[in-house]
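For reference, the structure is listed below as structure tokens.
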Amino acid sequence: MEISESARNGIDMPLMGFGTYQLATAQAELCVYEALKAGFRHIDSAEGYNNEEGTGKGLQKGIKAAGITRDDIFLTTKLFPGYKQWGAPEKTYEQTIATLKTQLKNLRLDYVDLYLIHAPLSELRLEQWNALVHLKESGLTKHIGVSNYNEGRINEILDAGLPKPEANQIEFHPICARVDLTRYMKENSIEPVAYSSLAPLSTWRTEEGQGGEVLAGIKKECQKVTSEIALKLKVSEANVLIRWGLQHGYSVLTKSSKPERIHENLKVFDFEIPGIDMGHLNSLSLNQAIAWAASGLDPMGAAPTLK
Ligand SMILES: NC(=O)c1ccc[n+]([C@@H]2O[C@H](COP(=O)([O-])OP(=O)(O)OC[C@H]3O[C@@H](n4cnc5c(N)ncnc54)[C@H](OP(=O)(O)O)[C@@H]3O)[C@@H](O)[C@H]2O)c1
């Protein structure tokens, strides 16, 4: 895969995406606006982030400020499937359809580019997948996919004879490098999208209540290696981690509430991590997911039995 600012993956998704998790509604508006001005053309949202009205306003203002059109943007959003253990009712086929329609209103859009099931947390996940297939057929989303699905969960869809997911959004960074799952996705033409690529940094989710302190102790070795490579290549540590994901063939999502970091995180197209340093980073994997750890839930391992 060519890695350049204008490159897109197999579903026409720009390689760098701006994430909106842990942004309050007003912040989402400002940050999405800033991200579009900085050059991001791919925005990642979710029903569960409770800020889509802000993202919608930011999109509208940002599109105008950047002098572009809606079609220049790739917008992903996600269905929260429900999770019995959290007392959140599991969504049926009809509720899944209705949810995207509400999200479109909040986002001020006629369609999204990619609609994902946020995680395989519901025993109705095949029924929800059928609803996504219908949403694609009806044009409310251009592509459909999943998030936090392992090989077993994807195979449930294939074994049921349903259309395969076009993308799988998963946590991916040197401490959590999913080598086998990545190979499986590539073999099955399922586009890999990386979230929480900056989780190894000491600056990741440091504000009160964001949960970045959980598992902080396991990050030291990765921070040392990342900082040495950053110094050698004269780029930031964040840029090393983002570029590592891109060189593995992923589209990479990053989030920041700070304009200077939003700009910095796009500076990943004018350098390359040499093979020897990729090797060092690749050797650090503990297969340890970090992003959801503060909630006490492993979204990839929590699937209830199918109904
Ligand atoms: N599907 C899923 O289950 C799932 C799970 C998690 C995330 N996601 C998606 O993926 C997106 C990215 O993941 P993430 O939110 O964990 O974001 P991330 O980009 O991996 O990390 C964001 C954290 O790093 C800090 N940061 C950002 N840029 C930095 C830089 N250049 N230097 C130092 N620190 C920097 C941010 O702080 P400031 O904000 O203070 O700058 C924030 O605390 C999310 O926003 C969401 O859209 C999906």
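Only the coordinates and a few stated rules stand behind these numbers; no lab work does. This one's a predicted model, so the numbers in the text were calculated from it and none came from an experiment. Cβ coordinates were reconstructed from backbone atoms using ideal geometry, including for glycine residues, and neighbour counts include every protein chain displayed.
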Listed peptides 125-133, 31-39 by packing density, highest first (mean Cβ within 10 Å):
31-39, 125-133
Could you tell me which GluC sites (Glu not before Pro) in region 86-126 are loop residues by DSSP with no more than 13 other beta carbons within 10 angstrom of their beta carbon?
none
Do the sum for the chain: with -39,500 (n - 2.57) for every DSSP H run of n ≥ 4, divided by all residues, what is the mean residue ellipticity at 222 nm, to the nearest 500 deg cm²/dmol?
-11500 deg cm²/dmol
Report the charge-dipole magnitude of the chain in Debye, nearest 20, computed about the Cα centre from +1 at each Lys and Arg Cβ and -1 at each Asp and Glu Cβ.
380
Scoring region 16-295 by relative contact order with C-alpha pairs under 8 Å, at least six apart, yields a percentage of 17
Multiply the residue separation of Val179 and Lys64 by 0.36 nm, subtract the distance between their alpha-carbon atoms, and state the gained length in nm to one decimal.
37.4 nm
